[in-house]
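Everything below concerns the one structure shown next.
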Amino acid sequence: MNSSLRHLRRALVTAVTVLGLAWGSAAGGAAAGLPATAAAAPATGQPGAALPNTVVPAPVSAVADGTTYRLTASATLSSDVPDIGAYLAGVLRASTGFALPLSTGASGPGTIALQLSGAPAVVGDQGYQLTVTTHGVVLRANRPAGLFAGVQTLLQLLPASVESPTVVPGPWTVPGGTVTDYPRFAYRGAMLDVARHFFTVAQVERYIDELALYKINYLHLHLSDDQGWRIAIAGWPQLARYGGSTEVGGGPGGWYSQADYSAIVAYAASRYLTVVPEIDLPGHTNAALASYPQLNCDGVAPGLYTGTDVGFSSLCVPLQLTYTFIDQVVGEIAALTPGPYLHIGGDEATSTTAADYASFIDRAQQIVAAHGKTVIGWHDIANATLLPSTVAQFWDTSTTDGALATAAAHGTKVIMSPANKAYLDMKYTHRTKLGQDWAGLTDVNTAYGWNPGGYLSGVGATSVLGVEAPLWTETIVTPADLDYMAFPRLPAIAELGWSPWSTHGVSAFDHRLGAQGPRWKALGIGYYHSTQVSWPAGS
Ligand code: TNX
């Protein structure tokens, strides 16, 4: 595109964005069967108008009352959940420079009041109701998770510069009205592969902070693979010490002590995310097999592996020690994990016969159940007999064997992560330097353009537990790489997991997503400037 065309395009984008911000109504537009930007909603400033169309994920309902609240230096905060009050105070004080004294205790009287009472039943355990008047803000939820979700919405209704880590000028206005909001699916996950490349506790915590902005509530950690074992197991110390000593490309790797892992779990909990640990079995196990010769059928340890092939390793299915090993590993990890799930991988076990695979998955499920956890496995496990509680995670979009649909028909719940839509390691375009393209190129509208409840025939919405955006790290090395691949696609997957399908609309989404750009800039998130997104000028 030549430069005058580029200018014209930017001017058009800006004009459309301004209209979108002033008139948009994700829920209102879609309820009328119209894309949000085409909805004939009254302008903001009139009763009954939609609230500004800036919130991702789109709320269930957002109605303006025509007023505006202005946060000033005299404002106060109160919160029934001290940590959530402190979280909000931390963000607001940093950018506004206001004192914002915080009081905690039942239904306090702050100008901004976060209350665990008075929310409508419809918002459930994860939703909230946010009421903004000229006098202040009242956020109500039934559970802390709902309050935390509502805080994210409140922040998105403030100017983007509210995310600035240093004091910047206001005015700090919030449009008056009421948002009533709750998720479509219970499980909204993001996976981080810390096995192909290792990420430190601080780097994972930063990613958790980013996920929390979009109401993601599960962090799936891929803790082991051919290239590295990343968590200390007391009964098998060589796993981390030796198996964790490298990574793809031959770098130094790394591993979490059990205290490190617990720190990640606790940090995630402070952002209302639950950690799902994954130990990938029986394939993707070269790092374990290299660490302990006795785990190999022939008693010979392979070398450490730093390439990117898949499917060549397998635990020794007939060996009794294999199950002692799994029992001890699962036992230690389960004891450190407050969440209900433990992921056993199960993907790409192409070095294991079908019969061995089925008997292995049987035993692995029993072991996990004996340690009090619910099994999740990549959808390959649908080829084995599943426990009624086992959850299958769909990933391979070339699969045609129908085993998953059969399992779903028998009650298996499914997490949807179609690789050609939800994989954050796929390239955006053929020019993207990072990532892979085996599942296809995935720009924003592709990531957003599918319905988790209707994507797989035989796996309807009632079989879907939720969605997850995995980030595999064969080519991803730094936190900046993570940011670039996750933004802006992660919020697209987050919206598919949270927002009612009635709000779905590509052009409205691309405007709401664009409004996030200045927030990411303020937060120091280096994102991909997709041409599909309507970024405000200067972002
Ligand atoms: C497939 S998805 C894999 C991973 C790779 C990924 C790369 C899945 C269950 N297995 O081992 O890292 O592709 O995109």
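The values are calculated or read from the model by the stated rules, or taken from the named source; none is laboratory data. In this text, all values refer to a predicted model and were calculated from it rather than measured experimentally. Note: ideal-geometry Cβ built from the backbone for every residue, glycine included; neighbour counts use all protein chains shown. Side chains included, ligands, DNA and RNA excluded: accessible areas come from the protein's heavy atoms. Shrake-Rupley method; radii C 1.70, N 1.55, O 1.52, S 1.80 Å.
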Please report, in whole Å, how far the alpha carbons of the chain spread along each principal axis, starting with the longest. 75, 56, 45
Taking only protein heavy atoms and a 1.4 Å probe, what accessible area per residue, in Å², does the chain have with all protein chains in place? 35
At 1.4 Å probe size, with no ligands or nucleic acids counted, give the accessible surface of ARG140 in Å², nearest ten. 70
Loop-resident sites, segment 268-347, for chymotrypsin sites (Phe, Trp or Tyr not before Pro), counting at most 16 other Cβ within 10 Å (DSSP): PHE312
HN-Hα J in Hz across segment 436-451 - Karplus 6.51, -1.76, 1.60, θ = phi - 60°, x for Gly and Pro: 10, 9, 4, 9, x, 8, 10, 7, 4, 5, 6, 4, 8, x, 7, 10
Grab the eigenvalues of the alpha-carbon gyration tensor for segment 199-307, scale each by 5, take roots, and send me the semi-axes largest first in whole angstrom. 28, 13, 12
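Leaving ligands and nucleic acids out of the surface, order PHE98, PHE487 by accessible area at 1.4 Å, largest first.
PHE98, PHE487
Which of the chymotrypsin sites (Phe, Trp or Tyr not before Pro) across segment 371-447 are loop residues per DSSP, with 14 or fewer other Cβ within 10 Å?
Sparse-neighbourhood loop chymotrypsin sites (Phe, Trp or Tyr not before Pro): TRP438.
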Here FRET efficiency (C-beta to C-beta, TYR292 to HIS430, R₀ 41 Å, nearest 0.05) is 0.45
What number, rounded to the nearest 500 deg cm²/dmol, is the helix-based mean residue ellipticity at 222 nm of the chain, given -39500 (n - 2.57) per DSSP H run of at least four residues and division by all its residues? -9500 deg cm²/dmol
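Using heavy-atom solvent-accessible surface (probe 1.4 Å) with all chains present, what is the largest-first order of SER359, SER291?
SER359, SER291
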Solvent-accessible surface (1.4 angstrom probe) belonging to LYS215, in square angstrom, nearest 10: 10
P(r) of segment 61-181 in 10 Å steps, Cα pairs, percent per bin? 15, 50, 32, 3
Let me confirm the definition first: pairs of Lys residues in the chain, 8 or more apart or on different chains, C-alpha distance under 28 Å. How many are there? 11
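Normalised by the residues of the chain, what does the relative contact order come to in percent, with Cα pairs under 8 Å and at least six apart? Spell out each step's value before the answer.
Numbers: 1274 pairs, mean separation 80.0, N = 539.
Here the relative contact order equals 15 percent.
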